[in-house]
Structure formats: structure tokens, C-alpha cells
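Here the structure comes first, spelled out in C-alpha cells, and everything after it is commentary.
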């Protein structure tokens, strides 16, 4: 199998890549170690702009000192109401460096929801992306007595705005530069005072049953989990990743921002959700994490292109994908691939399948990661047939993201894989509910001790609400939701 796919880059990495026991400590150690290297890229006016670790550090330092200048205290909460941009990351790391708690709000949330999330989290500073998001904040600010400042990233259309509570991100950075000159060691002191057991971030659950709940994650839990991720879906400084899922969701916050912060993998930010297919082809990521809907869209795009192709191209694709599927079936069954079929697969990849991968933008991908919702085993099989391993992970906000994962050496579509090495997973012997225990499990729900007690039992097991089965190899499969079983 190793001759068919290069699995050397998917080996678990157990050594510590970056020292530090809080997210700000990790970040500033990263700046020190990687200085001039590129960390992030974002497309602006049609041109990709690179951010080195040093440039990122300078921006984070200015924003953090700006927060200190406006009286932001350690353990206060700042919220970010924005799409997935580099500025989101800069503000997040600045809040954490200043000893604060960082909370993300979906840019699609209505003003009423923004009010609830800011009130529940005790937000004192709110970062908003643009005039559209600012309007929501202004609509509800009279109901938020704790909110002191609103900071706007993009001031387009707001040049005439004169509001003492609202300043631009550029103005905050100016305040930060002045504050840095007057108090040169203050930020370092805040970073040093930040304790691993302290609350770092809030991630609000979707609130499908009642109000959203603020899941609390400590610095210790976040650092422990990103180190654990390297044993599951390893990356390094040579990797190119895409950042496009919402950063207020645990998947992109952990698997995108913090995991790349730890490993040094480059983060490329798409222009907007509509340009994802075009940006994938430009970036050609080496590791690509997405939700099933994205993988389905790519597949549909290839099928549409194929319908418009000539008869010879259609026949070539049919033969090549057929060879790929034969190989995929043997690999999934854990059986050896005969030499003749290996040779056919090599020809199929060279003549046809590599072009299909280029059409999607995954021709450089060492592996793909899918999660956040169930995916069709047939779709996984199709990507395997193209010659790219697709690894399914499962987890939730409360487990700090991925808690189980399919190993590249033993792919079983339809399964969510065995427990990740950094946590325990088992089934409740009576109900079959999937239970998780480990340092990656969250601290509890903000302001909801009774909900926390319902979710984490006396032995530290998190009750996930998912019902499953486990096979003799330790691979779990989700079969139902506890709520559905209770209803029926």
C-alpha cells in the first residue's frame, strides 16, 4: 500500500514541536523560533499577501497593547464578530496575550443573538468585521452595560462615523504603539501571568435545543489537544493548509488556527465562502480539512465537467476510476494489491486521475480530513480511488474537536475510527452512548453548572449524546442520537 500512497507524512508525531503551556506562550515561542518564515496568507485585491511570524507578532503586540490602553483587564472577555480572516486570528491572539478570554460569534448571527452571546459571556470589548456587523452591535449595545468598546476591522463606508464607543482596528493599533513605548514590559508580564488552568476560549454550541451554551476550554486543554492532533493528522512547517470554515467553531479554531500555530504549517485564507473552489486550485493545499458538503460539491463539479467532455475523455475516466476503485476496495479490506493492478493504477493516475485531482486542487494533498457530519462511504471510496487518503475524524465542541480518527493504515469508511491516543472513548454498557474522557474534555458550560453536571459524570466521562457500536478492532460507528431514542 505504501507504494500506492505515500503514507510517510501521516505517521503520528509524538515529539514536542513547540514549548509552552498556554496558547500565548506557544504563539510567542513560535514567533521567536520561526521569525521570518511565512505563517499566513490572505488574498487582497486579487493578490496574495504573506504574513511572516514576525509581522504577525508585531500586529498582535500592537492590538494587545491597544487593549491594555483601553483598560482591558486579565480574565475579561472580548468577542469577535467576523468572517474567517487573518484579522480574526490577530485579534484572538491579542486577547489571549493580554490575559483575556476570547469568544467567537458567527457572522450570520442576528442582532438578538449577538446581544445574548455578549451578555452571557460578559463581553467588554467587541471586535466587528465591517459596517454590516457594526450595525448589529449598535442595535443592541444599550442592553449591554458591560460593553465598553467596539472595534471595527474594515472602516469602508464608515469614515464619517463619530461615536465615542467605536474605534477602528487601525486606531487601536495606534493606541497600542503609544502604550508599548510607555509600558514596554506590560504585555510580556500578562503573557507570563497567564496560567494553564485558566479559561482561554468560549465556544458556543449551536443551540438547536434552547439557547446556545458557552463551552469553556482552558489553555491547558487547548495545548494538550493540539499536541495530540499531531499523533492523529500530523503536519509540519512545509504544509500548506486552507482556513475557510468559521473560526468561532471548534473545528477551524483548533484544526486550523491553533494546530497550525503549533506545527508551523502555513494557513491560507480564502477570499469568501463562494471562492473556495477557485482558491483551492490556487493554493493546492498539502493537507485539507473540510466538511462533507464541501467534498460533495467538488465531486459534483467533476461530474458536471465530465458530462461536457468528449466520448474519449469519458471512456478514459471510466477506466481510470474503475482501476482506482479496485485498488481502494482492496486497501479498505486490508488486502495486498497485486503487481499488475499496481501498474494499471500508476498508468491511470499519470494519464487521468492526476488531472481530476488538479481540477479540484488536491493534486498536492498528502491526505484529506473530513468531519463535523456523517459522510457517504461511497464518497470516501471515490477520493481513495483518485489516490488521496481521506481520514474521517469525529468529535464535538466539548471534546475540543477530534476525539476519534481513522488511521491512514486502516481505512474503514462508515466508521469514525478508534479513540485518538490522547483520550479514552467507550460505550455506556446500558444505553450504548459514546463516552469520552481525557484532558481535552472541556471545563464545563459557562453559567450553567447543572448542565455541566448532566454532561460530565462523577468519573469524568463526557456524555456525548451520540449512540454507537464498536467492532473487534476498536473502531466506533455512530448509529443514533440519544434524544431520538428517548423520543421514540
### Message
Condition first: assigned by TED's automatic domain parsing to the domain that holds residue 133, modelled with pLDDT of 95 or more and under 30 Å from residue 362 (Cβ atoms). Can you find one or more residues in the range 201-215 that meet it?
### Response
yes
### Query
Name the strands (runs of 3 or more DSSP E) wholly within the range 1-97 that hold at least 1 residues that are under 23 Å from the mean Cα position of the chain (by Cα) and surrounded by fewer than 14 Cβ atoms within 10 Å (Cβ to Cβ)?
38-44, 47-52
## Note on the structure
Subset of the range 358-371, residues touching a strand residue (DSSP E or B) at 6+ places or on another chain (Cβ under 9 Å) and within 18 Å of residue 293 (Cα to Cα), comes to 361, 362, 367, 368, 369, 370, 371
### Query
What number of residues within the range 440-459 are touching a strand residue (DSSP E or B) at 6+ places or on another chain (Cβ under 9 Å) and in a loop (DSSP other than H, G, I, E, B)?
9
### Query
Given the conditions (1) in contact with a helix residue (DSSP H, G or I) (Cβ under 9 Å, 6 or more places away or on another chain); (2) surrounded by 13 or more Cβ atoms within 10 Å (Cβ to Cβ); (3) not in a helix (DSSP H, G or I), which single one is not true for residue 277?
(3)
### Qualifying strands (runs of 3 or more DSSP E) (wholly inside the range 319-406; at least 3 residues being in contact with a helix residue (DSSP H, G or I) (Cβ under 7 Å, 6 or more places away or on another chain) and within 30 Å of residue 203 (Cα to Cα))
367-370
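The values are calculated or read from the model by the stated rules, or taken from the named source; none is laboratory data. Quantities reported herein were computed from a predicted structural model and do not represent experimental measurements. For neighbour counting, all protein chains shown are included, and Cβ atoms are generated from backbone atoms with ideal geometry for every residue, glycine included.
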